[in-house]
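Data block below; observations after.
The values are calculated or read from the model by the stated rules, or taken from the named source; none is laboratory data. Values in this document were obtained by computation on a predicted structure and should not be read as measured data. Counting neighbours? That spans all protein chains shown, and the Cβs are built from the backbone with ideal geometry, glycine included.
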Amino acid sequence: MRPAATTRSRPSTGGRHGRTGFTLIELLVVMLIILLVSAVALPVIIPALSHREVSEAARILQGALVGARDAAVHANAPRGIRLLPDPNFVTFVTDSTLPNYGQLDPARILAANRIVAIEPAPDYTEGRVNVRPTSEVASVPLSLPYPGEGGGLWPFLGDGTPTVPVLLVEEAITDHDGDYVNNASPNPRNNPTSWFWNVRVGDKIQIGKAGRFYTVVGPMSIGPAGGNAELFVNIGLPGQVTSPLLYYQQPNTITHEFLFLVNGYDDNGNGAIDEGWDGLDNNLDGYVDNIAASTPPPYSEWETEHWLGSLAGANGATEYWNLPYTISRRPTPSANARETSLPASVVVDLTTWADASPERSRLPVNRFTGAIDIMVSPQGEVLPNSIFSAPSSFSLADSYFHFWLAERTDLYAPSDFKITGSASANADGTPQLPPFLPVPSGFNPNSTMYLKGENRLLTLFTRNGQIAVNEISDFDTNTSDYNTANSGVPNYNPSFPLIKAQQGVRGGQ
């Protein structure tokens, strides 16, 4: 017999199924709480993120410099890094009437955001050279690196009048030493030189395996504005232009290559070495190494170049044939080197690079490309390195290389910086007096533009390779030093943010 079934009571649900979610009111309350917490936390989190990115950029740059030193020790030879300009801020002077045509525009923003390892390129010795008096080739029709001057010819005017009497060395087609033009004998051919689109402006050449090194300054009809960022010597695109120098050997006419040189010597005795190619504004007209074909300012800075030592006879009528040579080439990216990028929001601010006392980074900027080559020895010191004939600008002032690391939001062009309530701006908007760039809020009473983001100052001591990283905090606080509508000679000191670093004070990252 079965037991009687028992009946269990169930709790009442009020006629509804069991709840498994949140009500709309509950969701809105939670979202409101999240928004309130975010509003309180974001002002703390965002600066912390910016602080981290700028500090990370400083560590990347410091690591690259230390890595170059280690590579130099390992190879027992100089090694270095190249800072590459941010392509968003590369602006060339496009007015062909200006002496700095084809160079970077100093009134615009310039910043670097990538790093690549570099090392000296192998020496080049292929072929042979002839040295002949420059007057014999005075009609070489080549474009200027600055085509607005000289009638489009460099280094001579269209009528053959020398404007920049540089030196010329040419490829030796054969191993003969006889009549250059009328020689009809079948002399053996030398190996070709292949200088065009291989040798670069700023490379050094030694003729005859002894004596002085001369600096290559041309020809270069296609410059950086035309895509020749590495400044290769050329007379046009590869394979499309024939050299104007001809060698006559019946029954053939043979074109051959040539280079323009300066000698690294003070030819006119004025105390400046190659003032036409030293990277300095020697005549204080606002332009560096300018060539001027006319007498009104700006005047040409170039001096008359001469062959020196055993080649001095070429200054008259003597010719030297079939000589060996060695070209020491400027640094190039190392084999298998890869670019290292800084964090996306951080750059090395190079703006005001062309000023006598830049307000941001103080580095040897290549005015044709915006790149910066820094070479170090195995002992750690920074080696003078530039495209110019003599390291004239590498002096005691370059005992420190300063890298101004900043957020992109703090980049300003000098030509955009306006002085509030002031008439001190030029017609093109550029200020007449410093500061050209914003400083922290409250420092400059005449400006509403000020630095807002994080920044760091990385200082490289060029004499011993030491590195210091500091926050940028000190500026010239004397309000009488800032430019106003009626100010006279400005006293603003743009070096204030750099002084502590130069004194060896180290700050946190």
Hey, any hits in the range 61-81 for a residue that's out of contact with any strand residue (DSSP E or B) (no Cβ under 7 Å at 6 or more places or on another chain) and closer than 30 Å to residue 222 by Cα? no
May I ask you to say which residue of 301, 275, 305 is within 15 Å of residue 103 (Cβ to Cβ) and either surrounded by 17 or more Cβ atoms within 10 Å (Cβ to Cβ) or modelled with pLDDT of 80 or more (or both)? 301
Flag for residue 127 being at pLDDT 90 or above, small (Gly, Ala, Ser) and assigned to a loop (DSSP other than H, G, I, E, B): yes
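Only one residue in 470, 483, 455 is modelled with pLDDT under 80 and buried (at least 19 other Cβ atoms within 10 Å of the Cβ). Which one? I'd like the intermediate steps shown before the answer.
Numbers: 470 fails: modelled with pLDDT under 80; 455 fails: modelled with pLDDT under 80.
Going through 470, 483, 455 in turn, just one is modelled with pLDDT under 80 and buried (at least 19 other Cβ atoms within 10 Å of the Cβ): 483.
Any idea how many residues of the range 113-134 are surrounded by fewer than 21 Cβ atoms within 10 Å (Cβ to Cβ) and in contact with a Pro (Cβ under 8 Å, 6 or more places away or on another chain)?
Kept after step one, since they are surrounded by fewer than 21 Cβ atoms within 10 Å (Cβ to Cβ), are these residues of the range 113-134: 114, 116, 119-128, 132-133.
Checking which are in contact with a Pro (Cβ under 8 Å, 6 or more places away or on another chain) leaves us with 116, 119-121, 125-128.
Residues that pass the stated criteria total 8.
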Restricted to the range 163-194, and to residues that are under 30 Å from residue 268 (Cα atoms) and assigned to a loop (DSSP other than H, G, I, E, B), which residue is modelled with the highest pLDDT? 166
Do we find that residue 266 is under 30 Å from residue 208 (Cα atoms) and buried (at least 19 other Cβ atoms within 10 Å of the Cβ) in this structure? no
